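J.: I'd like to ask you about the structure that follows.
What follows draws every value from the coordinates through simple rules; no lab data is involved. All values derive from a computational prediction rather than experimental measurement. A quick note on method: Cβ atoms are made from the backbone with ideal geometry, for glycine too, and the neighbour counts reach across all protein chains shown.
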Amino acid sequence: MLRKPALLTIALIFASVSIGQAAAWHFDTAHSNISFKVKHLMVTNVNGSFGEYDGVVKYDPDNPTAAEISVSIKTNSVNTNNDKRDDHLRSADFFDVATYPEMTFKSKQVAKTADGLIITGDLTLHGITKEVVLNVEEIVGPVPGMMGAAIGATATTKIDRRDFGLVWSKTLETGALVVDNIVKIILEVELIKQ
C-alpha cells in the first residue's frame, strides 16, 4: 500500500504533465532521428540522417496550434553509411558544408487536421529559404519520463532539392536520374520539457 507522501508525489508528477501551458520542450537527441530518403537510379531509396541538431518547441498540449518550432541541423553531420557518398554530399555539389554549415527550420503556422497537425514554416538550406509544410502524423504524450515530461512526434515532408540550389545530378541513357529531385524528410522526435 502506498503511503500518502508517495501518492502525493505521483499526483504531482501527473499534474505537471497534464497542466496545459506553453513550455519549452527540447529535442532529446538520444531518442530522436532526423532522416531523409531519395531515389537512386529511380529504382531504390538511399536513406540518410543527420547526427547533430538541436531544436526547441514551445508547446501547450491544450493549445497545439499555438506551437512554435525552431530546429538547427549541422549539414556536416550527414550520414548515409557510405563515406564516399557522404563526402560528396558535403561538397559544393550538394550541401557545401564549408559555406553553409547549418540548415534551419522555423515554424510560421500550425493547424489541426483530422489526422494530426500541419506545420507550415521556413526551411533554410544551402543559403535559400523556402516555405515547406510538415505533416505531423502522430503525437504521443505528454507522459512522465526519466528526465521529465516527454512528448513524441513523427512528421514528414517532401522537397524538391532544386528549389534550394542542390542541382547536381546525372542522367543515364535510359533517362533515369542518378539522384532524384524529390527528397522525403522524416522527423521522429522525442521532446523533453525544460
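J.: Could you give the length gained on full extension between V178 and A92, defined as 0.36 nm per residue of separation minus the Cα-Cα distance, in nm?
T.: 29.2 nm
J.: Once both labels are modelled 7 Å past Cα along the beta-carbon direction, what's the E131-H31 spacing in nm?
T.: 3.5
J.: Among [x] 17.1, 56; [y] 19.6, 76; [z] 15.9, 44, only one was calculated for this model; which label is it, if the read-out is Rg and Dmax of the Cα atoms in Å?
T.: For Rg and Dmax of the Cα atoms in Å, the calculated option is [y].
J.: Let me ask something additional. Can you compute the charge dipole magnitude of the chain about its Cα centre, using +1 on each Lys and Arg Cβ and -1 on each Asp and Glu Cβ, nothing else charged? Give it in debye, rounded to the nearest 20.
T.: Here the size comes out at about 240 debye.
J.: Net charge within 11 Å of D122 by Cβ-Cβ distance, Lys/Arg positive one each and Asp/Glu negative one each, not counting D122 itself?
T.: Spelling it out: positives minus negatives among the neighbours equals +2.
J.: Shifting gears a bit: Enter the angle in degrees (range 0 to 90, nearest 10) between the Cα long axis of helix 4-18 and the first principal axis of the Cα atoms of the chain, meaning the one along which they spread out most.
T.: The two axes meet at around 40 degrees.
J.: Between I118, T99, V140, whose Cα lies farthest towards the positive end of the dipole of the range 20-193 when Lys and Arg beta carbons carry +1 and Asp and Glu beta carbons carry -1, centred on the Cα centre?
T.: T99
J.: For labels at W168 and N82 in the simple 7 Å Cα→Cβ model, what's the distance in nm?
T.: Rounded to a tenth, the inter-label distance reads 1.3 nm.
J.: Under 25 Å between alpha carbons, and skipping anything fewer than 8 positions from K112 in its own chain: which lysines qualify?
T.: K58, K130, K158, K184, K193
J.: How long are the semi-axes of the equivalent ellipsoid of the range 122-194, defined as square roots of 5 times the Cα gyration tensor eigenvalues? Whole Å, largest first.
T.: Its equivalent ellipsoid spans semi-axes of 35, 14, 10 Å.
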